[in-house]
Amino acid sequence: MNDSIRINLEQVRGRIQAACARSGRDTADVTLIAVSKTKPLEDLRAAYDCGARDFGENKVQEITAKQPSMPADARFHMIGHLQRNKVKQVLPHVKMIHSVDSLRLAEQIQHDAEAAGLTIPVLLEVNVAREESKYGFFLEEVEPAVNQICRLSRIQIRGLMTIAPFVVDAEENREIFRKLYQLSVDIKTKNIDNVSMSVLSMGMTGDYEVAIEEGATMIRVGTGIFGSR
Ligand SMILES: *Cc1c(COP(=O)(O)O)cnc(C)c1O
């Protein structure tokens, strides 16, 4: 059973390599996040045993339950919408929060991180396609948000994240990834204090190869590794 996780991981890594080769990128610059939401600890352990170290979860309860049970070098990424009243609980368990989607959430992170003596790396979530069902800043809102959030001493802005629309043909999302990449380049050139744009978290099971070709440095793959949920 865990064999399928090993085989899937090898296949995903092969595809990452091929996408990097096609686009002249170094595989070391693309971090695979194994999205383990809803999956039992044994599945995370199986992936860990095959070399996975970065895990993505979208629920605070799951992160707080799983992180302490995994080896200390397993890194957990919060990739789902985060409610402000749950920030305090999740902070000690996460390596990075990919889903900062409002100034109010950033202010809550600042408040709770300060109380806990932590500094938290974050990404701003961008709703590139302006889908009503999705969270995140619209493209034109990102730079103003960066200029506000960069003042929060307990937050390090590391880059941008997007959840592209669900499409049958991944090529349909290429433009979305391009727009996010271009935005990160535009913000980078402003050299804003306390802000780096080194991370672009984009691409999921259906479209991560296109995302890599367009500059993703973190891809979030769930079903492609762990099977359907
Ligand atoms: C579930 C989820 C993923 C992984 O989706 P798959 O299609 O299973 O690879 C990636 N990112 C976010 C934010 C998710 O919620």
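Spin-label point model (7 Å from Cα, Cβ direction): what's the GLU140 to GLU114 distance in nm?
Between GLU140 and GLU114, the label points sit 3.3 nm apart.
Per DSSP helix of 4 or more residues, -39500 (n - 2.57); summed, then divided by the residues of the chain. What does that give at 222 nm, rounded to the nearest 500?
Computed ellipticity for the chain at 222 nm equals -11500 deg cm²/dmol.
If you stretched the chain out fully between THR223 and CYS150, how much longer would it get, using 0.36 nm times the residue separation minus the C-alpha to C-alpha distance?
Roughly 22.8 nm would be gained on extension.
Quick check: at a probe of 1.4 Å, how many percent of the accessible area of the chain sits on carbon and sulfur atoms?
47
Subtracting the Cα-Cα distance from 0.36 nm times the residue separation, let me have the gained length for SER69 to ASP169 in nm, one decimal.
32.2 nm is the gain from fully extending SER69 to ASP169.
Which ³J(HN,Hα) values in Hz, rounded to whole numbers, follow from the phi angles of segment 169-181 under the Karplus curve 6.51 cos²θ - 1.76 cosθ + 1.60, where θ = phi - 60° and Gly and Pro get x?
Going residue by residue, I get 9, 4, 4, 4, 9, 4, 5, 4, 5, 4, 5, 5, 4 Hz, with x marking Gly and Pro.
Could you compute the net charge surrounding PRO40? Neighbours are other residues with a C-beta less than 12 Å from the C-beta of PRO40; K and R count +1, D and E count -1.
+2
Would you give the gap between the C-alpha center of segment 105-140 and the C-alpha center of segment 1-60, rounded to a whole Å?
Distance between centres, Cα-based: 24 Å.
Measuring from centroid to centroid over Cα atoms, what is the spacing of segment 141-173 and segment 174-229 in Å?
Each part reduced to its Cα centre gives a spacing of 9 Å.
The values are calculated or read from the model by the stated rules, or taken from the named source; none is laboratory data. These numbers were taken from a predicted model, which means no experiment stands behind them. Counting neighbours? That spans all protein chains shown, and the Cβs are built from the backbone with ideal geometry, glycine included. Heads up: the accessible areas ignore ligands, DNA and RNA and are worked out on the full protein's heavy atoms, side chains in. Shrake-Rupley method; radii C 1.70, N 1.55, O 1.52, S 1.80 Å.
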